[in-house]
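Encoded as structure tokens, the structure appears first; notes follow it.
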Amino acid sequence: MALLEIKNLHVSVDGKQILNGLDLVVENGQVAAIMGPNGSGKSTLAHVLAGKADYEVTQGQVLFDGEDLLALAPDERAAKGVFLAFQYPLEIPGVATMTFLRTALNAQRKKRGQEELSAPDFNRRVFDAAGKLGIERDMLRRGVNVGFSGGEKKRNEVLQMALLEPRLCVLDETDSGLDIDALKVVSEGVNRLRAPNRAFVVITHYQRLLDHIVPDVVHVLSRGRIARTGGKELAHELEAQGYAQYQEAVAS
Amino acid sequence: MNAELRPIKTAAETALSAAFAAQKAQLPGMASAREAAFKRFEAAGLPHRRVEDWKYTDLRALMREAKPLAPRPDAVALARAKNAGAAFAAVEGRRIVLVDGVFIPELSDLAALEPGLSIRSMALAAGDPAIAERLGHVVATDNVAVALNTAFMADGVVIDVAERAALTRPLHLVAFNSGGAPASVFTRSLATIGKGARAMLIESHEGAPGNDYQVNTALELTVGDEAHVDHVKITGEGAGALHVSSLMVAVGAHARFNEFLFTAGAAVVRNQLFVRFDGEGTVAGIRGATLLNGREHADTTLVADHVAGDCVAREVFKSVLDGESRGVFQGKIIVRPHAQKTDSKMAAHALLLSEEAEADSKPELEIFADDVQCGHGSTAGALDDDLLFYLKARGIPAKEAEALMIQAFVGEAIDGIEHAGLRDTLIDHVAAWLKKRS
């Protein structure tokens, strides 16, 4: 059984149809890239999977591990193993990163019927994961993402991903706002998490990110549905030719 | 000219007049001050919404009746007070206990007073001309709630900290209402912190839930030159209580003064603060957090009066309003003509957790000096949906996500408290409030 199966998904935001009969299958262990022009529905797809309220599903189905994902609240989806790495991670003044991480991890464990982690065990895991991403301990004591640079925010997203050990990671334009060094650190962080029982949906506008996180399959999203599917070489083709043909193809 | 002609008295006003006539002879000392204060009350009546300072807290409407003056606590009341203030054990303060407005030495921790510290009963001290001279003069006001307090005050404490004395333990004034028959309690305290002294004074006001009682409490606090004083007032009265508090503070030169008001509980709370900066070079933080639910009403009214220049004052008030509650903030910064280089900033933020909750905010600046930095900001709004989604997307259930956000919101004010034990205790109070809410 596929880990994620999206069938004929229609989604509208504020009455405007964004996803238009999207079909997508992501297998366990797979890295699937979703590329497409601005406005094609990439971020909508990411938010619908995570369960954001303003997105109205008018038709279709999303199965996660065979279960109806759309029937679950956002926190329940997270506990099942769905993780969205935000394009613009939010700042939460007054909530220390450590508190945030511990609350999230323990809430998920509780929902899965697991014991809460002891403080030393939790600390060790965080410091381990943070060390690999070059995140200073001082940053963990500060408010979540408060005063962080763009690169630091994205590294913090990967830290959360590493700690929460999701089964499906949706990366929403993780490369946006990153310089080449930050892109490398973040990509390496993601690559370390690749595993046979974990899949990735990597949403990006540019092929650049896919040089670092090499996908198994590339889907082109256009006008709210998958217009083409190919191997990793498809990303290079898009980089060379642009998205013009997809925009016209659907428009005609 | 403020004395409006009001021939018709409310039931509460009539009851107060009768109580004063009948009981003034038994009240301790200060007879002429009491008479003058009562005249002030009779002329003005209970303040109502057409009196600008009471615009959002119409005491005349909120106070349907005046409860009889509380009797001296009996053995049952004292037994109930045994664990009063226990919620603040982590503070390790020196307990000074008032039960139904009466100072109870047997329940207080008066052993081995630190050098330079003196604690006395107001009822006993009120006959002392030296006390009479000071009372009502720290920051003089014609405020009607203060006048009522002066007229009816039964007891309280007189605390003196000598010059240069450094108290190692906080003083913890516990005002406990025992929950007997409906009653009203008038307490008046006077604290004088000498030059260069260090003191922390915590006041916690607690009472039995559901009991119907009225508290009018007042504290006059003098912060000497170069002194370092923290005053924290926690209002956690029972659900039926009406609590009116007046705090008058005169701060000397080159002092440090930190004020914190924590309010959760009581049906109606009015916290009024009159802070006057008499000397240059003082740094002050005046902060507060209010948590309301149901039909609770809490009003914080602050006047920061800069008589001397070159002081820095930061005022931050946060309120979390749920149910049909109403949070009021009135803040006035006055900068007198010679108080140049004053740096005073005030912020009031309200978080509305329900459609029915209401926040009223009235910041005012009255500036008569030309070289100052003053400002105020005020916001009211709901929790940010995008932030909540971020937390939920990480597996944190909606209620817990809200709680985390609320704690963060209030935390910005609580973090200003220097005493770690007290800070943690108040954070626990917030957590308990949140738990009760969900």
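Some observations on this one:
- Scanning the range B:43-58 for residues that are open to solvent by 30 Å² or more (accessible area, probe 1.4 Å), part of a helix (DSSP H, G or I) and of a type in the set (A, V, I, L, M, F, W, C) returns a single hit, B:43.
- Filter result (more than 16 Å from residue B:138 (Cα to Cα) and open to solvent by 10 Å² or more (accessible area, probe 1.4 Å)) within the range B:188-199: B:196, B:198
- Residues in the range B:59-71 that are outside any helix (DSSP H, G or I), buried (at least 16 other Cβ atoms within 10 Å of the Cβ) and among the basic types (Lys, Arg): B:67 only.
- Looking only at the range A:11-38, residues that are open to solvent by 50 Å² or more (accessible area, probe 1.4 Å) and not in a loop (DSSP other than H, G, I, E, B) come to 5 in all.
- If only residues of the range A:158-198 that are of a type outside the set (A, V, I, L, M) and in a helix (DSSP H, G or I) are counted, the one that is farthest from residue A:123 (Cα to Cα) is A:181.
- Restricting the first member to the range B:196-213 and to residues that are within 21 Å of residue B:181 (Cα to Cα) and not assigned by TED's automatic domain parsing to the domain that holds residue B:76, and the second to residues that are at pLDDT 95 or above and open to solvent by 40 Å² or more (accessible area, probe 1.4 Å), no beta-carbon pair is closer than 7 Å while six or more apart or on different chains.
- Residue B:173 being open to solvent by 40 Å² or more (accessible area, probe 1.4 Å) and in the same structural domain as residue B:54 (by TED's automatic domain parsing): no
- Residue within the range A:44-57 that is surrounded by fewer than 23 Cβ atoms within 10 Å (Cβ to Cβ), over 19 Å from residue A:203 (Cβ atoms) and touching a residue at least 12 places away in the same chain (Cβ under 8 Å) present: yes
- Total residues in the range A:192-216, condition open to solvent by less than 20 Å² (accessible area, probe 1.4 Å) and either of a type in the set (Val, Ile, Thr) or more than 12 Å from residue A:33 (Cα to Cα) (or both): 5
- At least 1 residues being of a type outside the set (Ser, Thr, Tyr), open to solvent by 50 Å² or more (accessible area, probe 1.4 Å) and farther than 28 Å from residue A:112 by Cβ is the threshold, and among the helices (runs of 4 or more DSSP H) wholly inside the range B:329-438 those reaching it are B:398-414, B:420-437.
- Every test in (1) part of a helix (DSSP H, G or I); (2) open to solvent by less than 60 Å² (accessible area, probe 1.4 Å) is passed by residue B:97 save one, and that test is (1).
- Qualifying positions in the range A:57-87 - under 25 Å from residue A:190 (Cβ atoms) and either of a type in the set (Lys, Arg) or within 9 Å of chain B (Cβ to nearest Cβ) (or both): A:74, A:75, A:76, A:77, A:78, A:79, A:80, A:82, A:83, A:84, A:86
- Any pair with Cβ under 6 angstrom, 6 or more apart, that starts in the range A:135-149 at a residue that is within 14 Å of another protein chain (Cβ to nearest Cβ) and ends at one that is in a loop (DSSP other than H, G, I, E, B): A:145/A:89; A:145/A:91; A:146/A:91
- Any hit, the range B:245-254, residues being more than 16 Å from residue B:140 (Cα to Cα), part of a strand (DSSP E or B) and out of contact with any helix residue (DSSP H, G or I) (no Cβ under 9 Å at 6 or more places or on another chain): no
- Residue B:328 closer than 24 Å to residue B:54 by Cα and either within 11 Å of chain A (Cβ to nearest Cβ) or at pLDDT 95 or above (or both): yes
- Single residue of B:230, B:225 found to be touching a strand residue (DSSP E or B) at 6+ places or on another chain (Cβ under 7 Å) and either at pLDDT 95 or above or open to solvent by 10 Å² or more (accessible area, probe 1.4 Å) (or both): B:230
- Candidate set: the range B:316-328, residues that are crowded, with 23+ Cβ neighbours inside 10 Å and in contact (Cβ under 8 Å) with a residue 60 or more places away in the chain; chosen: the one farthest from residue B:362 (Cα to Cα): B:320
The values are calculated or read from the model by the stated rules, or taken from the named source; none is laboratory data. Fair warning: this is a prediction, and the values are worked out from it, not measured in the lab. Neighbour counts run over all protein chains shown; Cβ positions are idealised from the backbone, glycine included. Just the protein is used for accessible areas: all its heavy atoms, side chains included, with ligands, DNA and RNA removed. Shrake-Rupley method; radii C 1.70, N 1.55, O 1.52, S 1.80 Å.
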